[in-house]
1. Of all residues in segment A:154-189, count the ones that are under 18 Å from the mean Cα position of the chain (by Cα), more than 7 Å from every other protein chain (Cβ to nearest Cβ), buried (at least 21 other Cβ atoms within 10 Å of the Cβ) and not in a helix (DSSP H, G or I).
2. Please work out if B:Y85 is aromatic (F, W, Y) and within 17 Å of A:L118 (Cα to Cα).
3. For segment B:53-60, does any single residue satisfy the condition of being in contact with a Lys or Arg (Cβ under 9 Å, 6 or more places away or on another chain) and either among the charged types (D, E, K, R) or modelled with pLDDT under 95 (or both)?
4. Would you check which residues across segment A:252-283 are free of Cβ contacts under 8 Å to residues at least 12 places away in the same chain and of a type in the set (D, E, K, R) and list them?
5. Any residue in segment A:91-111 that is under 15 Å from A:G50 (Cα atoms) sitting within a Cβ distance under 7 Å of a residue that is in a loop (DSSP other than H, G, I, E, B) and among the aliphatic types (A, V, I, L, M)? List the pairs, counting only those 6 or more apart or interchain.
6. Taking segment A:171-210 only, how many residues are within 22 Å of A:T84 (Cα to Cα), of a type in the set (A, V, I, L, M, F, W, C) and modelled with pLDDT under 95?
7. Does B:S86 qualify as being over 19 Å from the mean Cα position of the chain (by Cα) and either among the polar types (S, T, N, Q) or facing chain A (nearest Cβ under 7 Å) (or both)?
8. What's the total number of residues in segment B:24-57 that are facing another protein chain (nearest Cβ under 9 Å), crowded, with 17+ Cβ neighbours inside 10 Å and free of Cβ contacts under 8 Å to residues at least 24 places away in the same chain?
Protein chains: 2
Amino acid sequence: MTETEQERLQGYLEDRKTMVDRALDRYLPAAGSYPPVIFEASRYSLFAGGKRIRPILCIAAAEALGGRIDAVLPAACALEMIHTYSLIHDDLPAMDDDALRRGKPTNHMVYGEGIAVLAGDALLTDAFRLIADEGAVSGADPGDLLSVINEIARAAGYFGMIGGQAVDLDSEGKGVDYETLQYIHRHKTAALITVSLRAGGILAGGTPRKLSALTAYGENIGLLFQIVDDILNVEGDAVLMGKETGSDRKRGKATYPSIVGMEPARRKAAELVVSALASLTSFDDRAEPLRLIARHMMERKT
Amino acid sequence: MTETEQERLQGYLEDRKTMVDRALDRYLPAAGSYPPVIFEASRYSLFAGGKRIRPILCIAAAEALGGRIDAVLPAACALEMIHTYSLIHDDLPAMDDDALRRGKPTNHMVYGEGIAVLAGDALLTDAFRLIADEGAVSGADPGDLLSVINEIARAAGYFGMIGGQAVDLDSEGKGVDYETLQYIHRHKTAALITVSLRAGGILAGGTPRKLSALTAYGENIGLLFQIVDDILNVEGDAVLMGKETGSDRKRGKATYPSIVGMEPARRKAAELVVSALASLTSFDDRAEPLRLIARHMMERKT
């Protein structure tokens with residue numbers, strides 16, 4: 001990526017992240033609401049420094065089709081709330097048992113396990129409330145909003161993120177083969193990323209052909225994102241990332257590099273960038289952010 | 001209640017329960033789906049002998065307004081899935097730490113805490129999928145379905161069930177006053193019961209006036225339900241109920257009888273039945289099941 005592209009992308013990402021942060025703050029009940037602890041716990045994790053990748057992808061997909069940003073903001077924020085709930089629950093002692101996330105104590109370390117479970121439940125529940133409620137206010141078509149709720153629930157549910165986490169949980173400490181690892185990555189990470197793009201596309205009135213293209217792009221960068229995550233867990237800079245590196249290896253967790261080796265993992269990542277870009281050929285210049293994001297993912301350090 | 005009324009109600013409840021059980025079985029992915037454990041765990045709790053009170057109230061409200069049962073079945077089943085998820089999470093060691101529910105080991109005792117958290121998450125997620133997806137198939141108005149999703153998410157979320165559970169969790173072992181207890185009951189139990197009735201009413205095309213009447217009925221029987229639960233926890237028959245009695249007292253949990261005394265609790269329950277019936281005066285004979293349910297709640301033994 002050239003320096004100009006780099007700057008253009010950074011400007012885009014920062015601008016859209018600010019929009020998402022402000023909207024999340026507006027949508028979520030104030031920290032002082034009763035009972036305070038559940039709102040504090042929710043906000044603690046929701047504003048813990050997330051990069052807002054899913055909402056930005058949702059917005060960028062809508063923009064690539066000429067859609068209005070404010071029409072997709074509720075769905076974009078809902079996707080971040082669902083992502084945050086999944087992190088809170090995944091960090092629980094009964095799951096991955098993590099004490100740190102983005103350099104800060106995890107939710108249950110601060111608020112206790114009971115409240116961490118409830119804060120996650122509440123974020124998930126409120127995500128659907130947000131799409132149905134604020135989505136309707138934004139003037140989106142009710143049928144489109146139902147499709148978005150349906151698709152997001154599928155991507156986050158049994159045959160998506162939760163299915164992936166269940167297999168991951170079941171696999172820890174066991175020898176995991178390539179197919180199982182692919183299953184985990186596709187479901188635990190790529191499904192929600194893909195539906196982020198589709199949600200933006202649906203609300204922008206995308207044709208079935210454009211939605212298919214966004215799906216292909218999402219599946220490629222979703223897998224890419226996870227492979228780069230795995231690579232960074234081995235080679236990343238712990239200070240930059242705000243979390244321990246090498247943790248996957250220590251707990252015997254299967255990763256791309258551990259199964260196929262570091263060089264093939266890198267090669268696979270490069271192929272995925274090419275495929276992601278290829279899926280966007282029918283889009284015009286308004287899809288530039290999506291193209292830059294795919295290329296940037298390969299080069300990210302955190 | 002006369003014997004004929006008793007029989008009529010039993011016939012109605014059994015018939016609607018069968019409909020709900022069949023629909024739940026049809027809507028939920030088969031037990032053999034991959035990864036098996038998450039579907040098994042979900043089905044274990046969903047088919048553990050629940051009385052299906054919330055879905056039946058949803059159906060009865062629709063019927064009271066002349067609505068079609070199949071148009072409300074997805075929402076009715078979603079309400080039962082949300083109720084079941086809340087029981088799974090409430091039973092967790094970090095919450096109420098219960099080993100038995102309806103005479104059977106709780107979800108986490110059978111599948112472990114990690115899967116119990118995920119099974120609850122999945123049931124909650126799939127509940128919204130069901131309304132958006134199957135609801136649309138049933139031919140309901142998309143705007144009405146969005147209202148139902150919005151209202152159910154509110155009733156189950158921060159300012160409803162989860163808020164009530166957070167206060168309950170925070171209160172255990174502390175001296176709880178009457179206002180706090182009312183807050184817990186209204187939010188933890190009555191909110192989901194009330195929205196069950198409203199969802200049925202909305203999907204049956206109820207006028208604002210009819211919806212208000214259903215809301216009043218729901219708030220009354222929701223509180224009634226919880227007070228009778230508290231009374232049964234003191235005086236109920238452990239064998240009939242399939243769970244220990246006296247558990248609230250043992251763990252120092254505040255209940256209606258413990259705060260206001262047993263006789264005032266009974267009096268309050270009787271008043272709530274009267275209020276519930278009064279709120280239905282503008283309904284015709286099609287509301288008979290709702291009237292019988294309110295009267296029956298006072299007399300229930302389990």
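The values are calculated or read from the model by the stated rules, or taken from the named source; none is laboratory data. These numbers were taken from a predicted model, which means no experiment stands behind them. As a convention, Cβ positions derive from the backbone with ideal geometry for all residues, glycine included, and neighbour counts pool all protein chains shown.
1. So the answer is 1.
2. Values: aromatic (F, W, Y): yes; within 17 Å of A:L118 (Cα to Cα): yes.
Here the answer is yes, as B:Y85 does meet what is asked.
3. The answer is no; no qualifying residue exists.
4. The answer is A:E263, A:R267, A:E271.
5. From segment A:91-111, the pairs are A:R101/A:A48; A:R102/A:A48; A:K104/A:A48; A:P105/A:A99; A:T106/A:A99.
6. Qualifying residue count for the region: 1.
7. Details: over 19 Å from the mean Cα position of the chain (by Cα): no; either among the polar types (S, T, N, Q) or facing chain A (nearest Cβ under 7 Å) (or both): yes.
Spelling it out, it is not the case that B:S86 is over 19 Å from the mean Cα position of the chain (by Cα) and either among the polar types (S, T, N, Q) or facing chain A (nearest Cβ under 7 Å) (or both).
8. 3
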